[in-house]
Structures are given as structure tokens and as C-alpha cells.
Amino acid sequence: MDIRPADDRLPCHEDRSPGSGTRPARAWYARSDAARLSLNGSWAFRLSGTVEGTGTRFVGDDADTGGWDRVTVPGHWVLQGHGAPAYTNSDYPFPVDPPRVPTENPTGDHRHVFDLPEDWPVDGESVLRFDGVESFARVWLNGRELGWFTGSRLPHEFAVGALLRRRGNVLAVRVHQWSAASYLEDQDMWWLPGIFRDVTLLHRPAGSPADFFVHAGYDHTTGLGTLRVDCDVPGRVTVPELSLDLGTGEEADVVVEPWSAEVPRLYDGELATSGERVPLRIGFRTVGVVDGVFRANGRRILFRGVNRHEFHPETGRTLDLETMRRDILLMKRHNINAVRTSHYPPHPAFLDLCDELGLWVVDECDLETHGFCAFPGWRGNPVADERWTPALLDRARRMVERDKNHPSVVVWSLGNECSAGQGLSEMAAWIRERDPSRAVHYENDPTYRDSDFYSRMYAPHDEVEAIGRREEPPLDDPELDARRRSLPLLLVEYAHAMGNSPGGLADYQHLFETYERCQGGFVWEWIDHGLPKRTPDGRHYFAYGGDFGEELHDGNFVCDGLLFPDRTPSP
């Protein structure tokens, strides 16, 4: 296996490519009858100040980690007493010289020893899966290097069956806080390195699906749903409630109740192949822009949305299932019907809950290059540099393939505040070819070709009204102007909820309800990202940028949510 970087002149953590040695992206599902082993828990850990880490002896059986610390995986080492968090809005917290990053680069070496269960199958393949690591991971198993990857909020898998043993498997992971990928993840949040999502060993029996795609549309004029499940291996799809029994690739029409955020109707089914049985939760719905209006099941959608970073004051971007569920229920109690996953795909379990409880989801790619706005013409911006395009496409693929079977996901978003460039256009083209059943969104598209929405941030009331009346100032290019006027308006961010704001929501809502073209928006943002600290005399408070000794920071701008960090709604 070739695990060298694409550019041999650079170390792999400074390579622009997305990684090496990983398996292709595929659909995520929480359970099946195939064996799986969680590797979450207490791991040996040592933090170093440079990219060399502790050397490479820690990857072998004979490594002495007796003097090492312990961290909880999933988690962020800076929230477990190792180093400190830092917050910036758009500034990169290191000198900008893409793809290079400083040699003084906090590096966490992680080591975990595990045994296989007695009943772990001996046939088939086994896959090691990481659901989220920030920002660069290099992985070894039993002394053999598997490869490396970037894309912090995206899944990565390695084939490991030939390397496993019954007892004493040594999994070693080196995580660099800064890498070339950090230039793609400048996302207005705390910089929190670590293995912060689940690590799992999955058995893949012979005949099990490597990937599958559930197509479940709905025709509002007939009341019929159309179901087809594409799969890379033959199998049967059954939905007992609908008396359906289909082969993979076969299509059937049946009377159904449609899925919507208001009535999230799901049908339980199963995909059965010769090697695995996978439970399905199927929601029938059809979405898209029709005659300049974004519709679901034939009905105009009015987004009463919120932008949601993943955040918990104790655990950062590591969220438990119950916190996710409580958040969605709190949203729905306050008449929120949609979430934009700013600015990266969420933990996949969150989308399961959106399917179950009912939220429209704008699923956003793990991409933002905002810091390049500090340079004339966004000089050096990766989305306008073809050398970065493979990494951009990899991020788009991993988002779409992971999340494509969720009925709650109705829009794919290319990313946030990246200006413009050919890389974004190639992402949009790939997504549309792979999944033409959903709309594509990007806010800063000057051509209006890469987005199915006229997307704006923080547009004042009078501008929204002018757009609603289709009386906005014309563009110089008649073709582009006509294209923009054909698109529905979406305020992908508005009503910045910092302090005692936001105001003017009733006026915005009146405009959304008056003008068909104005389809609502997403309040910035859901929750304050305050981290708990104590004053010298022991009083508790929530800290923000600058409270951890960092010289470069953006202060309290990280506390701009509808909720306080403890999830109490702010007045």
C-alpha cells in the first residue's frame, strides 16, 4: 500500500490531498446484525509540542507507556487538561502559508490496546472506522501503518482484517492540531483537537453491502410513494407495513404517508443480503425547486431555521445522544423546523434524530476558508487553486455518501464563506450527478450556477422585500441576472443572536409569509460556546476567546446563541 503524500516534498500533514490508505466513502448506519466493537474509552496519551511527537516507538507491542497520561476517547485533549483551547472567528491562529503549518504544532499520540470478543467472526473483512478527528490523523495497527487522513468532521475507514489478532491489538494514532487541512476548517469556533467522535471496529461479512442508496420519493398528486434501493450486492428489501418485498434495484409504487418536518412519518424496513441484515427507516418525500420555489411534497417550505454548531460546555464537539435529542425537542417547542449544520456534517446520530423527530436539514460540507479574506482578492484561497480540488471533492463525497439515506436532509451545502472558485463548482457538479434528488446551496456564488438558491446573509428588511418583489438591482450580465431572479431567496444566516438580540424577527417573518420567493432563513446561532472556568475566589463563569491566555482571539463573539452554554434559553 502506498501511503506517501501526493507531494513528496512535503510531510504528509502538510500535503493538500485528503489522505491515503482509506476506503471509499459509504452510507452510514447505526446497527445491523454484523459484529461491531466500540473502541471508545480510556486511551494512553502524550502531548508533544512539535510534529515529531514521541517518535514512532509507541506504535509497537513493546512500547513503554507507563508514564503516559490517559484521555477519554471520544474527546478533545485541550478540555482534558492538556494544552488550552483557542477561539478565532476568521483569523487563522498561525502564519498563513498554505499548505504549510508551524513546526511548533501540538501533537497528541494516542495508544489503545484491545482484545477481540470471543465470538468475533474469523471470516470476511474487518474495518476500523473513525467518525471524527481534528485535524490530521496518522494510524497504525499492531505496528503496521494503515495511512492518514484529514477532514475532521467526516468518517474514514481502513481495512484491517489481515492485521487483527485475538488478544493485545495495539491501535496507535498520532493527531496533529494543525495541518494543511486546517486551511479548509476556519469555521468560527473553538479550535479543539483530538479524536472527538467514535472509533469502531466493524466486521464486514462476505456478501455484506459496501454501500447502498435508498430512493424514496413521493408524488403529492397521486399519494403514491416510489421505493428503490440500489446496492452493490444483490439483496431483498422488505417493508412489512407496506407489504413490500423487492429485489435491490427494483422499483415499486405504493400508497404511503409522506415524510415532513411537521409529520416525520417513517416506515421500518430491512435490507437483507447474503452477508448482512441492515434495518432501514424510510421516509417518502420529494424536494426541489419548482417554478422558482423550493417545495417538499408539492408544498412551499418556509424555513424557520437555526444554525447549529455542535457544542457542549464540558465536552466541546463531543455530544451524547441525549443532548442531541433534548436540543431537537427544545427547537421544536420554540417553533424551529430546520437546521443548517454549520459548518460541517454533524454526528450521524443527530440526523437519525432529525429523521425521527422531524427537522428539515441543510447538510453543510466541512469547509470554510474565511481567513483568506484578509488578503487582496482572497489571494491563496484553496477553493480557487486546482491543487486543492481533490481534497474538496473528497469532503463532498464523504458528506453525501454518509448522509444520503436521511429523509431529513433536503439540501446539500458546499460550505461556508469560501468566496468563489472552480473547486466549489466541481463539488456542485459531482453532487448533482450523484444525487439529483436534492437541492444544492452555496451563499457566495457569483455565477448563481452552483447554487439552487439566491442565498444571503444578514440582509436587512428592505432588501428582503425588494427581492421578494423581484425588484432587486439588476446584475450587469443579463444571463446571470435572469438566473438569479429565477431562484428562491434563503437567508442562510440572519438575526445574529448575540447578547439581548435578535430583534426584528416578526418583520422578517411577515416578509417570508408575504412573498412566495422568500423562503425563510436560519438564525445565527443555536448556542453560546462558553467554556466553564472559575474566578480566583471560586465563582463559576463561562469563558470565551482570550480567557485561556491566547494572544490572537475574537473575544466574546463565540457567545452569540439563542441558548446559554448550559442550554438555558437566553432572554
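Since every read-out is calculated from the coordinates, none of them should be taken as a lab result. Given the structure is predicted, the values throughout are model-derived calculations rather than measurements. As a convention, Cβ positions derive from the backbone with ideal geometry for all residues, glycine included, and neighbour counts pool all protein chains shown.
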Taking max minus min of the Cα coordinates of segment 308-361 on each principal axis, largest first, gives extents in Å of 27, 20, 17
Give me the one-decimal nm value for the distance between modelled label points at Ala84 and Asp219, 7 Å along each residue's Cα-to-Cβ direction.
6.4 nm
Note, segment 233-239: 3J(HN,Hα) by Karplus (6.51, -1.76, 1.60, θ = phi - 60°), whole Hz, Gly/Pro = x, goes 10, x, x, 10, 10, 10, 10
√(5λ) per eigenvalue of the Cα gyration tensor, segment 321-469, largest first, Å
26, 20, 15
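Once the cut-off is 19 Å, how many percent of the Cα-Cα pairs in segment 212-288 end up in the long-distance tail?
For segment 212-288, the fraction of Cα-Cα distances above 19 Å is 30 percent.
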Per-residue HN-Hα couplings for segment 10-19 [Karplus 6.51, -1.76, 1.60; θ = phi - 60°; Hz; x = Gly/Pro]:
10, x, 4, 6, 10, 7, 6, 5, x, x
Determine one quarter of the surface area of the Cα convex hull of segment 297-558, which equals its mean projected area, and express it in nm² to one decimal.
16.1 nm²
Under 5 Å from the placed amide H of Tyr218, counting only residues 5+ away or on other chains, we find Thr226, Arg285, Thr286
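Which of the peptides 205-212, 505-512 is most tightly packed, and how do the rest follow, judged by the mean count of other Cβ atoms within 10 Å per residue?
Per-residue mean Cβ counts within 10 Å order the peptides as 205-212, 505-512.
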Count the net charge of all other residues whose Cβ sits under 11 Å from the Cβ of Val464, scoring Lys and Arg as +1 and Asp and Glu as -1.
-2
Can you list the HN-Hα couplings for segment 290-300, worked out from phi with the Karplus curve (6.51, -1.76, 1.60; θ = phi - 60°), rounded to whole Hz and with x for Gly and Pro?
10, 6, x, 10, 7, 10, 10, 6, x, 10, 4
Taking the Cα centre of segment 170-271 as the origin, how large is its charge dipole in debye, to the nearest 20, when only Lys and Arg (+1) and Asp and Glu (-1) carry charge on their Cβ atoms?
540 debye
Euclidean distance between Cα centres, segment 57-101 to segment 508-571, Å
25 Å
Would you mind checking which residues have amide H under 5 Å from Arg277's amide H? H placed 1.01 Å from N; only 5 or more apart, or other chain.
Asp33, Ala34
In debye to the nearest 20, how big a dipole does segment 303-388 give about its Cα centre with +1 on each Lys and Arg Cβ and -1 on each Asp and Glu Cβ?
400 debye
Counting DSSP beta bridges with both partners in the chain, what percentage is antiparallel, nearest 5?
75 percent
Ratio of segment 12-204's C-alpha Rg to 2.2 N^0.38 Å, to two decimals?
1.01
Using just the helices of the chain, give the 222 nm mean residue ellipticity in deg cm²/dmol: DSSP H runs with n ≥ 4 each add -39,500 (n - 2.57), and the total is spread over all residues, rounded to 500.
-4000 deg cm²/dmol
Note on segment 10-80: the mean projected area of its alpha-carbon convex hull, in nm², is 7.8 nm²
Which one, Leu141, Gly55, Ser126, is farthest towards the positive end of the dipole of segment 12-204 when Lys and Arg carry +1 and Asp and Glu -1 on their Cβ?
Ser126
Paramagnetic reach from Glu257 (point 7 Å along Cα→Cβ, amide N under 14 Å) across segment 404-420:
none
Charges at C-beta only: +1 for Lys and Arg, -1 for Asp and Glu. How large is the resulting dipole of the chain about its Cα centre, in Debye rounded to 20?
880 debye
Expressed as a whole number of Å, what is the distance separating the alpha-carbon centroids of segment 140-181 and segment 216-277?
36 Å
Over 18 Å, how big is the tail of the calculated P(r) for segment 112-186, in percent of all Cα pairs?
44 percent
Charge dipole of the chain built from unit charges on the beta carbon (Lys, Arg +1; Asp, Glu -1), centred at mean Cα; most positive-end Cα among Leu563, Tyr29, Trp190 is Tyr29
Volume of the Cα convex hull of segment 241-391, divided per residue and given in Å³:
222 Å³
Just how many % of Cα pairs in segment 424-533 lie over 21 Å apart, if you round to the nearest whole percent?
45 percent
Beta carbons within 10 angstrom, averaged per residue: use that to sort the peptides 109-116, 79-86, highest first.
109-116, 79-86
For Cα pairs less than 8 Å apart in space and 6+ apart in sequence, what is the mean separation divided by the residue count of segment 297-558, i.e. the relative contact order in percent?
18 percent
Taking amide hydrogens as modeled 1.01 Å from N in the peptide plane, which residues meet the under 5 Å criterion relative to Leu146, leaving out close sequence neighbours?
Val139, Trp140, Leu141
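From the C-alpha gyration tensor of segment 149-263, pull out the three semi-axes of the equivalent ellipsoid (sqrt of 5λ each), sorted largest to smallest, in whole Å. Present the calculation step by step, with values, prior to reporting the outcome.
Working: eigenvalues 306, 118, 27 Å².
Rounded to whole Å, the semi-axes are 39, 24, 12.
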One-quarter of the Cα convex hull surface for segment 381-437, in nm²?
3.8 nm²
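Of the listed peptides 222-232, 343-353, 361-371, what is their order by residue-averaged count of other C-beta atoms within 10 Å, with the highest listed first?
Per-residue mean Cβ counts within 10 Å order the peptides as 361-371, 343-353, 222-232.
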Net charge of neighbours whose Cβ lies under 11 Å from the Cβ of Ser437, counting Lys and Arg as +1 and Asp and Glu as -1:
+4
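What Kirkwood radius, in Å to one decimal, follows from the Cα pairs of the chain?
Result for the chain, one decimal place: 24.7 Å.
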